Amino acid sequence: MENGFYGFPTPGRDYNSPFQLVSTLPTPTPALRGQLFLLQAQIAAATGYQDAVYATAGLTNYWKLDEVAGTTLTDSKGTRNGTYSGIYTLGQMGATPDVGNRAVLFGGGNGSVTNGSADWVGGAMSLEFWYYSTSSSNTSVCGLRNNTTADFYCDILNSTQLECRFRNSSGTAFTLNPSPGAFSTWHHGVMVYDGSTTLSAYIDGALAAQTTSAGGTISSTTSAMTFAKDVQAPNFAGRLDEVAAYNVALSPTTILSHYTIGTAASTPDRFYSVIQKVDGTYQWVQIPTV
């Protein structure tokens, strides 16, 4: 096909050929030959994970980690932007099938992000994130941690355990140690505290650990949220993506839904054009992409 219809990149949809975005394909006619059409439904499906996060009640902060340049990590929901420092690589392959989704690779040396604290005060809270760890050693993933009056974070403790900790403003800590899952592959993690008694950790859509003996709240979150580094654990080695903070306790149904959407197989854009058949009639055909 002419005009570079084949092999155009999916991320960002930087197509070299003009096309028309339509909700349904019109009747094929000779006048439409040589034109390229893209169905609106395909575009809508291509941002399913991020759309699901934005639509979730209680979302206060959403760091997509999709930057491709600069040192600023953008909070696309709230106002808690962060700053990249040390050794890191932007624009890496992301965890979810959303078109254009990117992640950040941290080298395990001194790469990290520090940003304003999440908007968590005085009640229920949830932390959602995707992680791809290349090291089974003790490293920080993400969260809030000051080791005294405000902890809500997840670290990789060792090859068989995560450390998911909530510490209330009275200084009492509650810790869960679920399995981190296989290394060098993406995992979906969620920490949930109901603001009263129950602290839960979900890995890949399923409940992995829980205690009903937690208590108290965090009355102030002046400490910074950090990604790939906290006040104690060494720096994370691997990729992080799609970190979201909520001031509600996410339900098991919502968590499973996010995981399912985030692991759905990506679908290439479906472009169509009109051809003339041997019998002289016209029909739509899908243009293959790579």
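The values are calculated or read from the model by the stated rules, or taken from the named source; none is laboratory data. This is a predicted model, so every value here is computed, not measured. Backbone-built Cβ (ideal geometry, glycine too); neighbour counts: all protein chains shown.
Condition check ((1) outside any loop (DSSP other than H, G, I, E, B); (2) modelled with pLDDT under 90; (3) of a type in the set (Lys, Arg)) across all residues:
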residue: GLY122; (1), (2), (3): no, yes, no
residue: TYR153; (1), (2), (3): yes, no, no
residue: ASN158; (1), (2), (3): no, no, no
residue: SER169; (1), (2), (3): no, no, no
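Tell me which residues, restricted to segment 124-151, are in a loop (DSSP other than H, G, I, E, B) and among the basic types (Lys, Arg). Let's see the steps before the verdict.
Keep residues of segment 124-151 that are in a loop (DSSP other than H, G, I, E, B), which gives 124, 134-138, 146-150.
Across segment 124-151, there are no qualifying residues.
Considering ILE287, ILE275, the condition of being within 30 Å of ASP98 (Cα to Cα) and either in contact with a Pro (Cβ under 8 Å, 6 or more places away or on another chain) or modelled with pLDDT under 90 (or both) is satisfied by ILE287 alone.
Filtering segment 195-214 to residues that are within 20 Å of THR149 (Cβ to Cβ) and buried (at least 17 other Cβ atoms within 10 Å of the Cβ) leaves GLY195, LEU199, ALA214. Where residues in segment 123-169 are among the small types (Gly, Ala, Ser) and within 27 Å of GLY58 (Cα to Cα), which of them is surrounded by the fewest Cβ atoms within 10 Å (Cβ to Cβ)? Among those that are among the small types (Gly, Ala, Ser) and within 27 Å of GLY58 (Cα to Cα), it is GLY123.
If you go through segment 204-244 and keep only what is of a type in the set (A, V, I, L, M, F, W, C), modelled with pLDDT of 90 or more and not in a loop (DSSP other than H, G, I, E, B), you end up with ALA206, LEU207, ALA208, ALA209, PHE227, ALA237, LEU240, VAL243, ALA244.
Here ALA182 meets the list (1) out of contact with any helix residue (DSSP H, G or I) (no Cβ under 9 Å at 6 or more places or on another chain); (2) in a strand (DSSP E or B); (3) surrounded by fewer than 16 Cβ atoms within 10 Å (Cβ to Cβ); (4) among the aliphatic types (A, V, I, L, M) almost entirely, failing just condition (2).
When both residues are 6+ apart or on different chains and their Cβ atoms are under 8 Å apart, which pairs have a first residue that lies in segment 71-85 and is among the β-branched types (Val, Ile, Thr), and a second that is part of a loop (DSSP other than H, G, I, E, B)? Once the first residue is among the β-branched types (Val, Ile, Thr) and sits in segment 71-85, its partners that are part of a loop (DSSP other than H, G, I, E, B) give THR72/ASN81; THR74/LYS64; THR74/GLU67; THR74/ASN81; THR79/GLY116; THR83/THR71.
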